[in-house]
Amino acid sequence: MRIAYRPEIDGLRAIAVLSVMLFHFGVPGFGGGFVGVDVFFVISGYLITRLISEEISTTGNFRFAEFYVRRIRRLFPALVSVLIVSALVAVVVLSPEHLKRFVREMMTAVLSVSNIFFFSQSGYFDVSKTYKVLLHTWSLGVEEQFYLIWPVFLLFALRLRRRAFLSVFVALGICTLLAAEFWHDREAAFFLTPFRIYEFAIGAGLVWLERYQAPRLASEFAAVCGLAMIAAAAHLITPEMHFPGLLALLPTVGAALVIYARDASLAGLLTRNPVSVWIGKISYSLYLVHWPLFVFYFYVNYRPLTLFDRTALVVGSFVLATALHRFVEQPFRHPRPGKGEMGRFATRTAVLGASIIALGVSVVLGGGWHWRLSAETASLLASARRLTVHVDPCHYRSEKITPELQSKLDECFKQRGSAVLILGDSHGSDLFDALASNSGDRHVIGITDGGCRPVRPLHECYFRELPNFLASNKSKIDSIVFTQKGSYFLTDYISLPVDLEVIDGTVDFVAKLAGTGIETVWLGPQEEPNYEVEHFVPVATQPTLGESFLRAENQHIKDVEDEVRKRLGASGVPVTYISKLETIGKLTPALFVVDGEYTYSDATHWSAKGEEIFGAMLMRNPILHRIFFSASKTGAS
């Protein structure tokens, strides 16, 4: 069944897809362009509900099989085409680990569960998003899951009396809105379908609301207000804000007002002009192609986008989208009628989907198809995964303070004397490996755990037991060396401002360490270039090592260090501060690959080679050299 065409909805689609695309391409003024997805959800809620309700009211029933085949015809052929082309490029360009990640994304996209997959990974706005070729398919997962449950819900709800129907409908929208606003896990609220139902429901409600048309002047005003709300959301909302939730009402209610206003002439200048309508018609294809194009472009070039780059990406996206719409989307959406055609289409779709999944499984089981790499490249990649091995029994590390740790301390105290204790998070683990492996036969303990920091730790850490441990082992510990990941001192872990509350809390923590009477050193943060080492070895052409590639995307570690020094000095706490940034120096090509091995294992952590090299450099500091190579208090009886 077809519903009457409304060109202004295509115009609204154009606004939505351009907002998303310009946000992804980093165009200034579109910091909240990701709200275009929320506009799409409102449009889908309206159109699908209208289609279902009109079919039920006209025929008295609803044909589920035909509905789902139409949805698959609308979405699957274009999606699969993008997946296949992306896979061909990925095999040539991506490193093994990134290829494995890509095929996992590809398999979940085929199964319409991309949103669940990306929820299980890191966030939509994190640094590594630029390596997620199919990140944008999360919204398709949400839509497809909505299509699965919404017809069933409507069939049930429409059988209720009008007042009961309205009560159930409104209650569903309000409950999911409140869940999106107050749910503690913001990644779940962003990616998972239940937290987005209210956006579809806003569009769905228009199906009944539009029966009561407002006067023309009111409709004109509503349409202009709606467009202004969408524009404000795209311009003013930022990834750091509490979204989705109540804030998402700005673009979604705005979209609803535009749809409700129907033929408003003033807003129609933007939504019903030929260009907007054309962009709206290719909006699905444009949405599909723009993000993989960006990721591959950035992966190969890896530099800040220039105006030329952004222009080229926009033009390229339109060219690819036009071809995809013309040669794939349209022919499959409107097939030639024929007996058994629906069954043949369903069979071909199932076979194609199974083939894509089989390809993905082959890549994962094949280790990302390492056979594509040269021996030199494979060796370089392997170096990032090599771990530092401590053969000295008195170089030991634990994530918790345990009886086993105490027993080891007592034993090594008798053999080697007092210890140097290294405390910290995952960068503390780096530091333990770096200093212990360069400390000869010194007794070295590490108590470190990823995400474990004195202020706002990611999980329960060793800090509760630490005071008693230090008090009972004061005679067995000469010095304490503390470090923490520098980006944890930034408000959003990436950009300024520096979180002064966290710095002050950490200063209080090291003051308590010094208060035990044990010499305490705060070893500052290390460089966090925030690119993935895997990226450095594309299969086709290895990029030339250069300063532009090795620039730190997180350029605020020095700002963190300056503020830490300032506030630590002002506190008067008897703690020595040593700068890794000054001791090691700037991360250069010569420091990034040493003896054919990486010195970083990922975006922020040192590799085994890095621990060896950087540890030796740190030991040149006279304070650290004294701590690790002076005579320790003996524990021999």
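See the values below:
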quantity	calculated
Positive-pole candidate from S362, A78, L587, dipole of the chain, charges at beta carbon	A78
Accessible-area order (highest first, 1.4 angstrom probe) of the listed residues W371, W522	W371, W522
D449 accessible area, 1.4 Å probe, all protein chains in place, Å² to nearest 10	20 Å²
Whole-angstrom Cα spans of region 554-596 along principal axes, big to small	44, 21, 10
Length released on extending from V275 to T347, taking residue separation times 0.36 nm less the Cα-Cα span	22.2 nm
Net charge of neighbours whose Cβ lies under 12 Å from the Cβ of S265, counting Lys and Arg as +1 and Asp and Glu as -1	0
Those GluC sites (Glu not before Pro) in region 427-503 that DSSP places in a loop and that have at most 12 other beta carbons within 10 Å	E460
Surface share of carbon and sulfur [accessible, 1.4 angstrom probe, percent] for region 197-350	72 percent
Cα gyration tensor category, rounded, prolate or oblate, for region 47-179 with a/c compared to 1.5	oblate
Per residue Cα convex hull volume in Å³ - calculated over region 209-289	121 Å³
Length gained when the stretch F327-T576 is fully extended (0.36 nm per residue, less Cα-Cα span)	82.9 nm
Cβ charges +1 (Lys, Arg) and -1 (Asp, Glu), total dipole of the chain, debye	2300 debye
Compactness of region 1-65 as Cα Rg over 2.2 N^0.38 Å, two decimals	1.47
Nearest-10 value in Å² for the accessible area of M229, using the 1.4 Å probe	50 Å²
Cα-based Rg of the chain normalised by 2.2 N^0.38 Å, two decimals	1.14
Positive-end residue of Q526, S265, I197, charge dipole of the chain with Cβ unit charges	S265
Helix-only mean residue ellipticity at 222 nm for the chain, each DSSP H run of n ≥ 4 adding -39500 (n - 2.57), per residue, nearest 500	-18500 deg cm²/dmol
Net charge of Cβ neighbours under 9 Å - reference V498; Lys, Arg +1; Asp, Glu -1	-4
No Cys partner within the rule (Cβ under 4.7 Å), the chain	C175, C225
Whole-Å distance, taken between Cα centres, linking region 559-627 and region 284-305	35 Å
Pairwise label distance in nanometres, I357 with L178, each label 7 Å out on the Cα-Cβ vector	3.9 nm
Relative contact order (%) - region 413-452, alpha-carbon pairs under 8 angstrom, separation at least six	54 percent
Neighbourhood charge, 11 Å Cβ-Cβ cut-off, centred on N438 and excluding it, Lys, Arg +1 and Asp, Glu -1	-1
Lysines with Cα under 30 Å of K400, excluding same-chain neighbours fewer than 8 positions away	K408, K414, K474, K476, K485, K512, K580, K609, K633
Average accessible area per residue (Å²) across region 405-510 - probe 1.4 Å, nucleic acids and ligands excluded	34 Å²
Accessible surface, 1.4 Å probe, highest first, among residues L286, L88, L591, L209	L88, L209, L591, L286
Cut-off 17 Å, label 7 Å out along Cα→Cβ of R216, residues of region 260-276 by amide N	261-269
Approximate spin-label separation L365-D562, in nm, with each point projected 7 Å along Cα-to-Cβ	5.6 nm
Most to least packed among 317-327, 56-66, 132-142 [average Cβ atoms within 10 Å]	132-142, 317-327, 56-66
Estimated FRET transfer efficiency (K586, V391; beta-carbon r; R0 45 Å; 0.05)	0.85
Region 378-505 shape via C-alpha gyration tensor axes, a/c threshold 1.5	oblate
Solvent-accessible surface ranking, highest first, for Y493, Y299, Y577 at 1.4 angstrom	Y493, Y577, Y299
Unit charges at the beta carbon, dipole of the chain: most positive-side option, F153, G26, I557	F153
Orientation-averaged projected area, Cα convex hull of region 400-470 (nm²)	4.8 nm²
S379 versus A157: modelled label distance in nm, points set 7 Å from Cα along the beta carbon direction	6.4 nm
Sorted largest first, extent of region 191-235 alpha carbons per principal axis (Å)	39, 30, 7
Over region 1-110, equivalent-ellipsoid semi-axes from the Cα gyration tensor in Å	33, 22, 10
Dipole magnitude of region 127-275, debye to nearest 20 (Cβ charges: Lys/Arg +1, Asp/Glu -1, about Cα centre)	480 debye
Extension reserve of the S630-S475 stretch, reckoned as 0.36 nm per residue once the Cα distance is removed	54.2 nm
Shape of region 314-446, Cα gyration tensor, a/c cut at 1.5	prolate
Rounded to the nearest 10 Å², the accessible area of L387 at probe 1.4 Å	130 Å²
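The values are calculated or read from the model by the stated rules, or taken from the named source; none is laboratory data. Because the structure is a prediction, the values reported are computed rather than measured. For neighbour counting, all protein chains shown are included, and Cβ atoms are generated from backbone atoms with ideal geometry for every residue, glycine included. Each accessible area value is taken on the protein alone, full model and side chains, heavy atoms only, with ligands, DNA and RNA left out. Shrake-Rupley method; radii C 1.70, N 1.55, O 1.52, S 1.80 Å.
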